[in-house]
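Before any comments, here is the structure.
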Protein chains: 2
Amino acid sequence: MSFLDQISEPTLLLNETIARANIRRMAEKANWQNVRLRPHFKTHQSWQVGEWFREEGITDITVSSVKMAQYFAKHGWQDITIAFPLNRRQLPQIAELAQQITLNLTVTSADDVAFLREHLKVPVNIWVKADTGYGRTGIRTEDTAVLDTVLQELAQMPQHTFKGFLAHAGHSYKARGVEAIAAVHQQTLEKMRALKEHYVAAWPHLQLSIGDTPCCSAMEDFSGMDEIRPGNFVFYDLTQNQIGSCQLEDIAVAMACPVVALHPDRNEVILYGGSVHFSKDMLPLPDGRTIFGLVVPLTENGWGVPLPGTAVLSLSQEHGVVRTTPELFSQFGIGSLVGVLPVHSCLTADLMKGYLTLQGERLEHLSGVNA
Amino acid sequence: MSFLDQISEPTLLLNETIARANIRRMAEKANWQNVRLRPHFKTHQSWQVGEWFREEGITDITVSSVKMAQYFAKHGWQDITIAFPLNRRQLPQIAELAQQITLNLTVTSADDVAFLREHLKVPVNIWVKADTGYGRTGIRTEDTAVLDTVLQELAQMPQHTFKGFLAHAGHSYKARGVEAIAAVHQQTLEKMRALKEHYVAAWPHLQLSIGDTPCCSAMEDFSGMDEIRPGNFVFYDLTQNQIGSCQLEDIAVAMACPVVALHPDRNEVILYGGSVHFSKDMLPLPDGRTIFGLVVPLTENGWGVPLPGTAVLSLSQEHGVVRTTPELFSQFGIGSLVGVLPVHSCLTADLMKGYLTLQGERLEHLSGVNA
């Protein structure tokens, strides 16, 4: 029986071979460049996929919530960074985790440090979130006055260990093409190195951690960095392909959606698969249109290349509308399955709450696990 | 202890008083207008919220998936319409459901009817999906040649019962203001009545079903219709407010999000609450900006009116960025909670997988229930 026969509802297919190749490529690059790979697990959120990383020698990981840290700690991960500003309301859970594993927290202010000194007795490692140009959160690397006050607080904190500066160059997601990615990456490297130069005399063990999938995928030089934390690269998606982080063949997940209605007069195909499955993240195309996915044929062995002139043009809660060409329209039949490469694999995986491998195995996603 | 003390992560608050008032208002209007209210349960997807409808005399409901139908059948609903094109791959589940309850299916083609005649032995009721101008799916009401073939198939189907035509005027979501909603509504009423006139001689018991929250909220006249199926009105949201379906005070849900970082230099506040909590649905404002939510103060009794000049301007996976005014900035403190009125309550509820009432009670959402 093919894995396709199992499918009656929108289902997220995972090609293990592609995902493992993506993991291996990043692990080999990190080894070669002599930088620690601490992958972000927010994209897959699956203990089974985590094991594929372990097989490539990964021991330290990144997550973006306390809940994710609890989940992966339960599955044997002993060194976890929560790369998200400290959420003080989860202090009890943080304290409990810190007793079980090496826990690394992220702070964005001197006040955060004072809070941890006063309220968290169990030792943790502390990273200071640095803003290298993304402008979302963290302290701008130029704001040395602010950074000084944070580091002064850190110096007066006997129970916890200051590890270094952590940045996420999320503005690389606005880049298109290798030159644009390189510009973001250079800026990040320079700003982070300058930080280290400024503070290394006082803090000789200070480390630098960066990480976003575009820079980590497309760049080779991480000189001066101690750690990289990309996440999306395990699956990639159409957004990463448009940025220039990956080829379409590197995308490791595709949705399988039943066809439920046909509109030959307008070459439109209605899928069971909507915004509660894909997410509402969209991809603006160079021609001004926006799409929610590219359509691929499904086979016993996975999926093929995107059908020309064919895309998911709109989504409502449970419906997806595909427009195709007159030539390809006859390939769609009611009751058959259609593959869709997602725009943003992190959000699609979160909504789908699990995976089906091409071998017919169901893999877990944290969002499908009851608390 | 206040319900606020329970909250350490992004949490969807539900004001039961407002939701019950929304339900009662729609039930009273339907009664008065002598039309059956068959509410769409895809917005709340909660058996507990379903009970509030039952207390207003509702017995028949609408859902948009077989899974939702199974869930509400399990919770005692005996007459359910799946207002989504027939998904042939779920035939076994459909057959099982049809043995338990009065099941109403939606078809979009003569081929669907032939499929049901051949493959589904257990009797069901059948609605033909009519397109009154939305253009998503269904048969255009003008395409009487196509409709004729569907009704010919229906006439040769001994075990199932043809109920009538079902439409969703989803283009009302593009309307802004009562005149624009009225134009969509008039068009829908006229097209549906014309259908009935055309077919009533052959099918004297033929019924008409329409339903979308803007038209059902803002309009009073449903002459000729047998049934309305609005769904979102139970909670409403910022989109419905902008369309003109509701007042801001009618919105029955708000997110509660911890504040995790402050950026006084740009009047920005970082929330724990991102696209995996809110969804990526955005609201375009008349001034050209887009927002992901409006910020409201939280109190022991619920939430207040939106803070002026303050909105969620961007979302990443777990972060929300609020921009406020210099005057209001000091109201935000790290570790405190902020309320956010959602842009699209259906998607936010689906992502949040459950509710917290102002009385501190946790209510279920189907997406949080393991299969």
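Overview of values
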| quantity | calculated |
| --- | --- |
| Flag if A:SER109 is within 12 Å of chain B (Cβ to nearest Cβ), within 18 Å of the chain's Cα centre (by Cα) and among the small types (Gly, Ala, Ser) | no |
| Candidates A:LEU294, A:LEU283, filtered to the one that is within 14 Å of chain B (Cβ to nearest Cβ) and of a type in the set (A, V, I, L, M) | A:LEU283 |
| Flag for A:GLU327 being free of Cβ contacts under 8 Å to residues at least 60 places away in the same chain and surrounded by 15 or more Cβ atoms within 10 Å (Cβ to Cβ) | no |
| A:LEU105 vs. criteria on the phi < 0 side of the Ramachandran plot, in a strand (DSSP E or B) and either in contact (Cβ under 8 Å) with a residue 12 or more places away in the chain or touching a Lys or Arg at 6+ places or on another chain (Cβ under 9 Å) (or both) | yes |
| Residue within the range A:235-249 that is of a type in the set (A, V, I, L, M, F, W, C), over 15 Å from the mean Cα position of the chain (by Cα) and under 30 Å from A:GLU318 (Cα atoms) present | yes |
| Residues of the range B:328-352 that turn out to be within 10 Å of chain A (Cβ to nearest Cβ), closer than 14 Å to B:LEU12 by Cα and over 15 Å from the mean Cα position of the chain (by Cα), as a count | 1 |
| Lone unmet requirement of (1) under 19 Å from B:ARG193 (Cα atoms); (2) of a type outside the set (Val, Ile, Thr); (3) touching an Asp or Glu at 6+ places or on another chain (Cβ under 8 Å) for B:ALA114 | (1) |
| Any chance A:ARG24 is outside any loop (DSSP other than H, G, I, E, B), under 23 Å from A:LEU347 (Cβ atoms) and open to solvent by 30 Å² or more (accessible area, probe 1.4 Å) | no |
| Residues located in the range B:73-96, provided they are part of a loop (DSSP other than H, G, I, E, B) and either away from chain A (no Cβ under 13 Å) or at pLDDT below 95 (or both) | B:HIS75, B:GLY76, B:TRP77, B:GLN78 |
| Test: B:GLN359 is open to solvent by 20 Å² or more (accessible area, probe 1.4 Å), part of a loop (DSSP other than H, G, I, E, B) and outside the structural domain of B:ARG20 (by the TED database) | yes |
| B:ALA201 vs. criteria over 16 Å from the mean Cα position of the chain (by Cα) and assigned to a helix (DSSP H, G or I) | no |
| Selected residue (criterion: most open to solvent (accessible area, probe 1.4 Å)) from residues of the range A:4-21 that are more than 14 Å from chain B (Cβ to nearest Cβ) and assigned to a helix (DSSP H, G or I) | A:THR17 |
| Residue among A:VAL184, A:VAL150 that alone is assigned to a helix (DSSP H, G or I) and either aromatic (Phe, Trp, Tyr) or within 14 Å of chain B (Cβ to nearest Cβ) (or both) | A:VAL150 |
| Pair list, Cβ < 6 Å and 6+ apart or interchain, from the range B:69-87 residues that are outside the structural domain of B:LEU105 (by the TED database) to residues that are buried (at least 21 other Cβ atoms within 10 Å of the Cβ) and among the aromatic types (Phe, Trp, Tyr) | none |
| B:VAL276 vs. criteria modelled with pLDDT of 95 or more, facing chain A (nearest Cβ under 10 Å) and crowded, with 22+ Cβ neighbours inside 10 Å | yes |
| Flag for B:PRO306 being more than 10 Å from chain A (Cβ to nearest Cβ) and either open to solvent by 20 Å² or more (accessible area, probe 1.4 Å) or free of Cβ contacts under 8 Å to residues at least 24 places away in the same chain (or both) | yes |
| Filter result (more than 14 Å from chain A (Cβ to nearest Cβ), under 17 Å from the mean Cα position of the chain (by Cα) and not in a strand (DSSP E or B)) within the range B:31-51 | B:ARG38, B:PRO39, B:SER46, B:TRP47, B:GLN48, B:VAL49, B:GLY50, B:GLU51 |
| Search result, residues across the range A:232-245 that are assigned to a loop (DSSP other than H, G, I, E, B) and surrounded by fewer than 24 Cβ atoms within 10 Å (Cβ to Cβ) | A:GLY244 |
| Qualifying residue in the range B:160-175 (condition: at pLDDT 95 or above, out of contact with any strand residue (DSSP E or B) (no Cβ under 8 Å at 6 or more places or on another chain) and of a type outside the set (A, V, I, L, M)) | no |
| Flag for B:GLN48 being open to solvent by 50 Å² or more (accessible area, probe 1.4 Å) and not hydrophobic (A, V, I, L, M, F, W, C) | no |
| Qualifying positions in the range B:101-160 - aromatic (Phe, Trp, Tyr) and open to solvent by 10 Å² or more (accessible area, probe 1.4 Å) | B:PHE115, B:TYR134 |
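The values are calculated or read from the model by the stated rules, or taken from the named source; none is laboratory data. Just so you know, these numbers come straight off a predicted model, no measurement behind them. Every residue, glycine as well, gets a Cβ built from its backbone with ideal geometry; the counts of neighbours run over all protein chains shown. Ligands, DNA and RNA are stripped out before the accessible areas are found, and what is left, the full protein with its side chains, is counted by its heavy atoms. Shrake-Rupley method; radii C 1.70, N 1.55, O 1.52, S 1.80 Å.
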